[in-house]
Amino acid sequence: MTGTPRAKEEPFEPGLIPVPGALLVWRDSRHFDRWRDLPCTLCGRPTPMRSHDGESVHKACAEDWTTANPVEARRGRFASDVQPKPKSKGQGDDHA
């Protein structure tokens, strides 16, 4: 490996759009760009985070934007990851 970033990947499939005030679920590693920080499109501070479309944005900024713009948010600018369905009861449960 040479340590150079890979070619730009296609955006990945978004899941559900959260209701205003809800948290985004961004567990997929493709939300994190380990090679560089870019300015957040909402606040302007550097961030390694990326939306499903590759837009540089802090997760907290995206959640705040979704809360402040509920009608616009329904168009899907920011969405949670697709959640796999649990195979059986109890699997995929985040609770202790």
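Say we look at the stretch 49-60 and pick out the residues that are in contact (Cβ under 8 Å) with a residue 12 or more places away in the chain and under 12 Å from Trp26 (Cβ atoms); which of these is surrounded by the fewest Cβ atoms within 10 Å (Cβ to Cβ)? Here the residue is Lys59. Screening Arg36 against (1) farther than 18 Å from Val82 by Cα; (2) out of contact with any Pro (no Cβ under 8 Å at 6 or more places or on another chain); (3) exposed (fewer than 13 other Cβ atoms within 10 Å of the Cβ) leaves a single unmet condition, (2). Within 18 Å of Thr66 (Cβ to Cβ) and touching a helix residue (DSSP H, G or I) at 6+ places or on another chain (Cβ under 7 Å): does that describe Leu16? When the stated conditions are applied, Leu16 does not pass them. When Arg45, Arg75, Arg6, Arg30 are screened for being modelled with pLDDT of 95 or more and either exposed (fewer than 10 other Cβ atoms within 10 Å of the Cβ) or touching a strand residue (DSSP E or B) at 6+ places or on another chain (Cβ under 9 Å) (or both), only Arg45 passes.
The values are calculated or read from the model by the stated rules, or taken from the named source; none is laboratory data. Because the structure is a prediction, the values reported are computed rather than measured. Please note: Cβ atoms are built from the backbone with ideal geometry, for glycine as well, and neighbour counts cover all protein chains shown.
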